[in-house]
Amino acid sequence: MSSAAVGTPRRAAEGAAGLSGGRILALLLRQVYLYRRSLIRSLEIVYWPVMDLLVWGFLSLYVARLRGGGAQAIAFLLGGMILWDIFYRAQQAISVSFLEDIWTRNLVNVFVTPVSTAEFIAAMLLLGVMKVIVTGLLLSALALALYTFNLFQFGLPLIPFVLNLLLSAWGIGLITTAMILRFGQGAETLAWAIPFLFQPFSAVFYPVTVLPAFLRPAAWALPTTQAFEGMRAVLSGSAIPWTVAGWALAENVVLLGLSGVVFARVMYIARDRGLLLRLEG
Amino acid sequence: MHAIPGAAPPTRSGVSAFGAAEVAIGVEHLTKRFGTLVIVDDLSFHVRAGEIVGFLGPNGAGKTTTLAMLLGLLLPTSGRVEVLGLPMPAQRQRILARVNFTSPFVSLPGNLTVNENLTVFARLYGIRRARERIAELLDRFGLAALRGRSTGRLSSGEATRLGLVKALLNDPEVLFLDEPTASLDPDGAERVRERLREIRAERGTTIFYTSHNMQEVERLSDRILFLHKGRLIAEGSPADVLRRFARETLEEMFLDVARSGSAAS
C-alpha cells in the first residue's frame, strides 16, 4: 500500500472536528439517492405546491365573484373545512392504522392470527367511524365557540352528506392502503397525499361552477363533490337535495366496489410475492 | 415415516390426508419461485405431532419462505401444504386458530403495554378467560412484574419472552418459531429451551423452529431438516445426521454446507 493511500484516512480524521462539506454532501447524497429511487417521493416535491395552488386559486376566484355574500361564504368555508376534515380523518384512520402495523413490525403477528382480510378491513372502517364522530363533534363545537358558526343547527339534513363522505373516505382509504401494501413503505406518503388529490376537484371550499368547464364533468363524477355541493345547498337554507345525495351514494357504491376489488387483488399479490414479509423488512 | 427418539407425548392432532395418523405438518413437492428464481425447490417432509423439529440451513436456503408458506403468509407456486390435517391456504383461518408463531424479527407494538398487547391477541384468538391465561403465562415466563410496562421499553430478552407468551396464548397445537433464542444470552436461551421442552411434555405441542445456533439444535431437536438452496439435503435425528455425514457437530456440517454447498463426507 502506498503512503498516500495510508495518509488519506488520516487527513479525514484531522478534519473530523469542524464542519465538513464532504459530510454535508454525503448526507445530501443520501437524500438524492432516496428521491432517485422513489418516483412517489420525487413527485411530492411538485405535488403539494400544485395542490395548494389549485385549491387556493379556485377559492380566490370564488371569493372574487361574491357580491355581499360574506356571511354565507364564511359558512361555506367553515362547513367545507369541517366536512373535509371528517373525510380526511376517516381516510387516515384506515391507511395510517395499517402503516402503524408496518412501523411497529406487527403486521406478520396480525396476519398469522385467524383474522380474515374482511375482518381486518372492518376494524379499520370502524376506526374511521369513531374518528369521524370525535372530529366532527370537536370541530363543530369549536366553530360554534370561536366563530358562532353553528353546524348543529343544520342537523339532520347534513347527515346524508356526512355519511357519503364517510363512504368515500372508506373507499379511498382502502385504495391507499392497497397501494402501500403493493409498493411498500416508499409509498407511505400516499396515505397523506391521495386525499388531497381529490380536494381541488371536489369543490370543498367553492362550488363546482368555479372550476373550468372542462373539469366539471370529472368533478361531478366524484362522490366527494356531490357531498360538498349538497352541504352548500343545506347551509344556504335549501331543502335536502336528495338527487345530489343519491348520486353521491351511487358513486360511492362504485368506489367501494372498486376499492374492494383492488384491495382483494393486491392482497392476493402480497401473498403471492411475499409483500407482507418484505413490509416488515 | 421417521422414527422419533424417546416416548412421544400425548398429542392433540387429527389424521392427515397424507395418509399417516398424527402428522402435524405435511409438505409435498412444495415449490416457490419468484420469477425465474427458485427459492424452495420440490420440498417434501412430514412432522409428526409432538415432535420438536429444527429447520436448518444457511441464509437464503429457503427456511423463511417455507415457514411463510406453512403460515399462509405466502402462496406456493406448486405443491401441497397441510397443517393439522387441513390444507393451507384453503383452510387458513381454521389452521391459524390452532397454531401460533413468534420471531424476534417481528415485534408487538411498542406503544402498548405488555398487558394491552396480550389482551388484543387473546381477543384475536378468541381466548376465554383471557385475563387468567395472560397472568399464568406472564408468571411462567417471569414477566408478571412487567405487565403494565410499555412493550417498547422491554429489553430484547424480555421482548423475546413476551413473543413466546403471545405465541402460547391460544395453547397452540403447532408452534412455529423463527430463531427463538437469537437475541438471548446463553442463560436466557437455556431458560427458553427449558420452557419449550416443558410445553411439549405437558401439552404435546409440535414445535417447528429455525435456528442458526447448532448447539441448541442438537440439544433441543428430536429431528432436524437441513435445507440448502431450497432442497432438503439431510433429515433425521441430529445423531443420525451426524453419523450419516461423518461429522462431529452440526456446526461443522453447517459450515461445510454454507461454504462448499455440500455436506457430502
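The values are calculated or read from the model by the stated rules, or taken from the named source; none is laboratory data. No experiment lies behind these values; they were computed from the predicted model shown. Here the Cβ is made from the backbone with ideal geometry for all residues, glycine too, and neighbour counts use every protein chain on show.
Some points to look at:
- Scanning region B:71-86 for residues that are among the aliphatic types (A, V, I, L, M), part of a helix (DSSP H, G or I) and within 11 Å of chain A (Cβ to nearest Cβ) turns up nothing.
- For region B:109-157, filtering for residues that are within 13 Å of chain A (Cβ to nearest Cβ), more than 22 Å from B:A182 (Cβ to Cβ) and surrounded by fewer than 17 Cβ atoms within 10 Å (Cβ to Cβ) leaves 5.
- Test result for A:V112, at pLDDT 85 or above and in contact with a strand residue (DSSP E or B) (Cβ under 7 Å, 6 or more places away or on another chain): yes
- Filtering region A:101-112 to residues that are closer than 12 Å to B:L108 by Cβ and either more than 20 Å from the chain's Cα centre (by Cα) or facing chain B (nearest Cβ under 7 Å) (or both) leaves A:T104, A:R105, A:N106, A:L107, A:V108, A:N109, A:V110.
- Selection status of B:T66, crowded, with 24+ Cβ neighbours inside 10 Å, more than 17 Å from B:G204 (Cα to Cα), out of contact with any Cys (no Cβ under 9 Å at 6 or more places or on another chain) and β-branched (V, I, T): yes
- Residue in region A:180-201 that is small (G, A, S), within 29 Å of A:W56 (Cα to Cα), in contact with a Phe, Trp or Tyr (Cβ under 9 Å, 6 or more places away or on another chain) and modelled with pLDDT of 95 or more present: no
- Residue within region A:72-82 that is surrounded by fewer than 16 Cβ atoms within 10 Å (Cβ to Cβ), at pLDDT 85 or above and away from every other protein chain (no Cβ under 14 Å) present: yes
- Some residue of region B:95-108 being assigned to a helix (DSSP H, G or I), in contact (Cβ under 8 Å) with a residue 24 or more places away in the chain and either more than 10 Å from chain A (Cβ to nearest Cβ) or surrounded by 16 or more Cβ atoms within 10 Å (Cβ to Cβ) (or both): yes
- Within region B:82-116, no residue satisfies the criterion of being out of contact with any helix residue (DSSP H, G or I) (no Cβ under 6 Å at 6 or more places or on another chain), more than 25 Å from A:F98 (Cα to Cα) and of a type in the set (V, I, T).
- A:V115 fulfils the conditions (1) within 14 Å of chain B (Cβ to nearest Cβ); (2) under 20 Å from the mean Cα position of the chain (by Cα) except for a single criterion, (2).
- Considering residues of region A:253-280 that are touching a residue at least 12 places away in the same chain (Cβ under 8 Å) and touching a Gly at 6+ places or on another chain (Cβ under 8 Å) only, the residue farthest from the other protein chains (Cβ to nearest Cβ): A:L255
- Hey, A:V266 crowded, with 21+ Cβ neighbours inside 10 Å and either of a type in the set (V, I, T) or closer than 19 Å to A:G80 by Cα (or both) or not: no
- Close contacts from region B:24-40, counting a first residue that is in a strand (DSSP E or B) and a second that is of a type in the set (K, R) and buried (at least 16 other Cβ atoms within 10 Å of the Cβ), with Cβ to Cβ under 7 Å and a gap of 6+ residues or different chains, come to B:A24/B:R48; B:I39/B:K32; B:V40/B:K32.
- Any hit, region B:164-186, residues being free of Cβ contacts under 8 Å to residues at least 12 places away in the same chain and surrounded by fewer than 21 Cβ atoms within 10 Å (Cβ to Cβ): yes
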